[in-house]
Amino acid sequence: MSKTYLLKICLAITLILGTATACTFAEQSTPDQAPSPSPSPSITTSPSPTAKNTQEDNRRLLDAKVTRVVDGDTMKLTIDGKKEKVRLLLVDTPESVNPNIPEPQPFSIEASDYAKKMLTNKDVQIELDVSERDKYGRLLCYLYIDGKMFNELLLEQGYARVAYVFAPNTKYVDQFRAIQDKAREQGIGIWSIENYAQNNGFHVPKTK
């Protein structure tokens, strides 16, 4: 076999091997095609309900009707068809009908008349505290007329003092005392008489 023929064969083999190597290299050097990103799942957000600017009222309110005003801080009511005698919580008005006091105390008649004018035969609401009754069986309450607490109105007018503060029925005692302080500063009603309204009751000045 001639040398020229062998050389041609070697060249042919070299070309074939070179081509195969180049193809392999080309395949390896070509970057893999990135997979198409799967579409993100759509998130449907339900519209939130409109916020209500309301506050839960945790007061225990009962509808009632005033049938009689006994004095400034004591009334007779009809509640769900039942007759009840009620005593206003945390306030005390001067005595006008106490059998142990021969004469009405100063501002007792004014307090009683104010209560009669505001409450007689009126539809009201009462709020109970923790302990519902006193030792006399009277229902203890905060009384509301036309959305206003009557206990507070008595204090504002100077017809009552903050009194009978016994736990656990002390829900409004701080605000009652704040109202009382204003009435005292103004010197109205019971606060117009020096040393009359005291922590332990009403003390009528002795006449000479």
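The values are calculated or read from the model by the stated rules, or taken from the named source; none is laboratory data. Because the structure is a prediction, the values reported are computed rather than measured. For neighbour counting, all protein chains shown are included, and Cβ atoms are generated from backbone atoms with ideal geometry for every residue, glycine included. These accessible areas exclude ligands, DNA and RNA; they are computed on the full protein's heavy atoms, side chains included. Shrake-Rupley method; radii C 1.70, N 1.55, O 1.52, S 1.80 Å.
See the values below:
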| quantity | calculated |
| --- | --- |
| Some residue of the stretch 114-130 being in a helix (DSSP H, G or I), open to solvent by 10 Å² or more (accessible area, probe 1.4 Å) and farther than 15 Å from residue 93 by Cα | yes |
| Conditions (1) of a type in the set (Val, Ile, Thr); (2) part of a helix (DSSP H, G or I); (3) surrounded by fewer than 16 Cβ atoms within 10 Å (Cβ to Cβ): number failed by residue 179 | (3) |
| Residues (in contact with a strand residue (DSSP E or B) (Cβ under 6 Å, 6 or more places away or on another chain) and farther than 17 Å from residue 131 by Cα) located in the stretch 152-180 | 154, 160, 161, 176, 177, 180 |
| Exclusive hit being crowded, with 16+ Cβ neighbours inside 10 Å and over 21 Å from residue 204 (Cα atoms), set 61, 139 | 139 |
| Residue in the stretch 85-92 that is loosely packed, with under 14 Cβ neighbours inside 10 Å and under 35 Å from the mean Cα position of the chain (by Cα) present | no |
| Leading residue by the ranking (surrounded by the fewest Cβ atoms within 10 Å (Cβ to Cβ)) among those in the stretch 98-113 that are under 25 Å from residue 79 (Cα atoms) and out of contact with any helix residue (DSSP H, G or I) (no Cβ under 8 Å at 6 or more places or on another chain) | 113 |
| Among the candidates 204, 173, 162, residue that is in contact with a Phe, Trp or Tyr (Cβ under 8 Å, 6 or more places away or on another chain) and either open to solvent by less than 10 Å² (accessible area, probe 1.4 Å) or modelled with pLDDT of 95 or more (or both) | 162 |
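Here's the yes/no breakdown for (1) in a loop (DSSP other than H, G, I, E, B); (2) under 18 Å from residue 141 (Cα atoms); (3) modelled with pLDDT of 85 or more:
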residue	(1), (2), (3)
55	yes, no, no
63	no, yes, yes
69	no, yes, yes
75	no, yes, yes
85	no, yes, yes
104	yes, no, yes
